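Taken together, the values in this text are just the output of simple stated rules run on the coordinates, not laboratory data. Remember, it's a predicted structure, so these values are computed and weren't measured experimentally. FYI the Cβ positions are ideal-geometry reconstructions off the backbone, even for glycines, and counts take in every protein chain you see.
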Amino acid sequence: MDDNVRSDEELQAITVGERKLHNNTIDLQEYDPTWPTQYQAEEEKIHRALQSEVVQLEHVGSTSIPGMSAKPIIDIILVVHDSAEESGYVQALESVGYKLIIREPDWYEHRMLKRNDEGVNLHVFSEGCEESTRMLAFRDHLRANEEDFLLYKQKKQELSKHTWRHVQHYADAKSEVVKEIIQRANR
């Protein structure tokens with residue numbers, strides 16, 4: 001097994017509730033020009049729910065990169081003052097249809113919430129977190145660099161054809177190419 005792929009036990013340890021098995025290929029779709037509009041609707045909901053708790057809110061992931069094929073899930077970064085302080089944002093987000101599903105205290109105090117319809121992944125980080133900065137730099141680089149855009153798109157399409165026990169395993173399998181692209185982006 002790939003060193004980057006986490007075990008069932010590791011994944012369950014960060015999951016709030018029971019983790020569901022995927023045991024399937026990944027459904028990548030061609031870029032949908034409505035994805036930015038879908039993000040805007042979520043952005044408005046989040047701002048209404050959290051108001052001044054929002055330090056930064058950004059559309060990230062493949063749905064934020066025009067022309068990129070993607071799982072039809074809107075990825076959003078929410079930066080709050082302290083993501084470990086769940087009482088400051090989780091209940092308010094639950095009131096607008098989100099549910100806490102991932103808690104990773106050992107990885108940048110990352111939290112992930114999903115919409116009830118599972119069409120949105122909301123990644124929560126603390127102010128000043130290097131991972132949110134890295135995710136934004138990756139997005140911006142792929143928007144501007146055609147060579148790396150094509151490299152990433154090809155790798156995603158290749159990996160999507162495999163059967164993955166967990167969707168996270170697919171994400172973990174992309175980590176090497178992501179690391180490579182980020183190194184070039186930082187030059």
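Quick notes on this one:
- Rounded to the nearest 20 debye, dipole of the chain from Cβ charges on Lys, Arg, Asp, Glu: 460 debye
- Longest DSSP-loop-exposure-free segment, GluC sites (Glu not before Pro), the chain, at most 14 other Cβ within 10 Å: 128-187
- Averaging 1/r over each pair of different alpha-carbon atoms in region 1-79 and inverting the result gives 15.1 Å, the Kirkwood hydrodynamic radius.
- Inter-centroid distance (Cα atoms) of region 75-93 relative to region 1-66, Å: 14 Å
- The fraction of all Cα pairs in region 8-185 landing in successive 10 Å bins from 0 to the largest distance is 9, 37, 40, 14, 0, given as whole percents.
- Of the cross-linked pairs 45/155; 20/114; 20/153; 99/174; 114/179, those separated by over 22 Å at the C-alpha level are 45/155; 20/153; 99/174; 114/179.
- Relative contact order (percent, whole number), region 59-125, Cα cutoff 8 Å, 6+ residue spacing: 33 percent
- Using a Gaussian network model of the chain in which every pair of alpha carbons under 10 angstrom is joined by a spring, one finds that among 27, 106, 82 the greatest mean-square fluctuation is at 106.
- Burial ordering of 62, 95, 160, fewest other beta-carbon atoms within 10 Å first: 95, 160, 62
- For region 73-165, the Stokes-Einstein estimate of translational diffusion at 4 °C and a viscosity of 1.567 mPa s comes to 87 µm²/s, using the Kirkwood hydrodynamic radius over alpha-carbon pairs.
- 10 Å binning of all Cα-Cα separations within region 54-119, expressed as whole percents from 0 upward: 19, 50, 27, 3
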